[in-house]
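The values are calculated or read from the model by the stated rules, or taken from the named source; none is laboratory data. Just so you know, these numbers come straight off a predicted model, no measurement behind them. When we count neighbours, we look across all protein chains shown, and the Cβ atoms used for this are built from the backbone with ideal geometry, even at glycine.
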Amino acid sequence: MQRNVRKGIKVFVDVAMLLDLTFLVVRSLTGFAIHEWLGIGFFVLAIAHNLLNRAWWRALFRGRWTPLRAVVAVPILLLVAMGVVMLLTIGPLTTVLPLRLPSPLGVWTSRSVHAGIACWIYVLTQFHVGTHCGRGLLGWWRSAKGSARLFSAVACLALLALGV
């Protein structure tokens, strides 16, 4: 696949995931059926996102682990673990899927775990997006001089903290 086409697909998938996640959190406005279809779509987009970034997964355990690498990798690994937990909780809750998936949890426990994990997925996803923006600012910070360098460091940390 050509580099520009692949990059365009990656950007499309990333933007689609952000939009999907935005509509997933407003379940009270979309209703349960749309929420479930959006969740299925998010799951498919997450798989596509990871397939498109499979080089990152191959390089995960190679090389030295710097603090920046840990800050980037640990939230991603937590997101994967939380995604697995989400799959375990949708079984008793789904009304869209024709086959109810087995779950070791009951309906009420699944609902509570699903809601709690969803909040953390939202936070970690925003942090993940912020690390990408932060790395772009890091290049700017290295080339900046004097007070501009201080300003860019503060801006980078603020964006990381806000998950922008």
In the set 97, 93, 78, which member is in a helix (DSSP H, G or I) and within 21 Å of residue 21 (Cβ to Cβ)? 78
Test: residue in region 128-146 that is part of a loop (DSSP other than H, G, I, E, B), surrounded by 11 or more Cβ atoms within 10 Å (Cβ to Cβ), out of contact with any Lys or Arg (no Cβ under 9 Å at 6 or more places or on another chain) and modelled with pLDDT under 75: yes
Index of the failed condition, residue 34 passing every other in (1) without any contact (Cβ under 8 Å) to a residue 12 or more places away in the chain; (2) surrounded by fewer than 15 Cβ atoms within 10 Å (Cβ to Cβ): (2)
Residues that are of a type in the set (Ser, Thr, Tyr) and without any contact (Cβ under 8 Å) to a residue 24 or more places away in the chain: does region 53-73 have at least one? yes
Of the conditions (1) modelled with pLDDT under 90; (2) under 14 Å from residue 124 (Cβ atoms), the single one that residue 58 does not satisfy is (2)
So, in region 27-57, exactly how many residues are within 17 Å of residue 83 (Cβ to Cβ) and assigned to a helix (DSSP H, G or I)? 20
Identify the single condition in (1) surrounded by fewer than 14 Cβ atoms within 10 Å (Cβ to Cβ); (2) out of contact with any Lys or Arg (no Cβ under 9 Å at 6 or more places or on another chain) that residue 86 does not satisfy, given that it satisfies every other one. (1)
Kindly check whether there is at least one residue in region 97-107 that is out of contact with any Pro (no Cβ under 6 Å at 6 or more places or on another chain) and among the β-branched types (Val, Ile, Thr). no
Considering only region 73-87, how many residues are of a type outside the set (A, V, I, L, M, F, W, C) and modelled with pLDDT of 90 or more? 0
When the residues of region 10-36 are narrowed to those that are among the β-branched types (Val, Ile, Thr) and in contact with a helix residue (DSSP H, G or I) (Cβ under 9 Å, 6 or more places away or on another chain), which ends up nearest to residue 94 (Cα to Cα)? 34
